[in-house]
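Reviewing the structure listed below.
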Amino acid sequence: MELSNSYQPGDIVYVIIRNPHVQGVANVQEAAIVNNPDHPGEMALFVYETYYPLTDEVAVYQSLVEAEEDFQQAFGSADIEDYYG
């Protein structure tokens, strides 16, 4: 099943997004599923006033808790002693 078939325009999801300007910085961000204005018939993630293709290359989570759990596994916690960042 294609990823975009799992979602409908208007759905709110969560993604882990990296800051392209600061290496090693990422966070969980709320995103909306929308119709892609650049490619009619396709859906996109709308986050930070930008449209991103909805592909299987992007980890999309239906709940904030699920996204934060995977974020913790991948990047650790900011509460860790000696964490600078």
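The values are calculated or read from the model by the stated rules, or taken from the named source; none is laboratory data. Source: prediction; values computed, not measured. Because the Cβ atoms are built from the backbone with ideal geometry, glycine has one as well, and the counts that use them run over all protein chains shown.
Quick rundown of the values:
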quantity: Members of the range 25-57 found to be over 15 Å from residue 12 (Cα atoms) and in contact with a helix residue (DSSP H, G or I) (Cβ under 8 Å, 6 or more places away or on another chain), listed by number; calculated: 26, 27, 42, 55, 56
quantity: Residue check, residue 34 in contact with a strand residue (DSSP E or B) (Cβ under 8 Å, 6 or more places away or on another chain) and either at pLDDT below 95 or loosely packed, with under 13 Cβ neighbours inside 10 Å (or both); calculated: no
quantity: Qualifying residue in the range 29-51 (condition: among the polar types (S, T, N, Q), over 10 Å from the mean Cα position of the chain (by Cα) and closer than 20 Å to residue 70 by Cβ); calculated: no
quantity: Test for residue 11: is it loosely packed, with under 10 Cβ neighbours inside 10 Å and either among the hydrophobic types (A, V, I, L, M, F, W, C) or in contact (Cβ under 8 Å) with a residue 12 or more places away in the chain (or both); calculated: no
quantity: Looking only at the range 41-60, and only at residues there that are of a type in the set (Ser, Thr, Tyr) and more than 15 Å from residue 20 (Cβ to Cβ), the one that is surrounded by the fewest Cβ atoms within 10 Å (Cβ to Cβ); calculated: 55
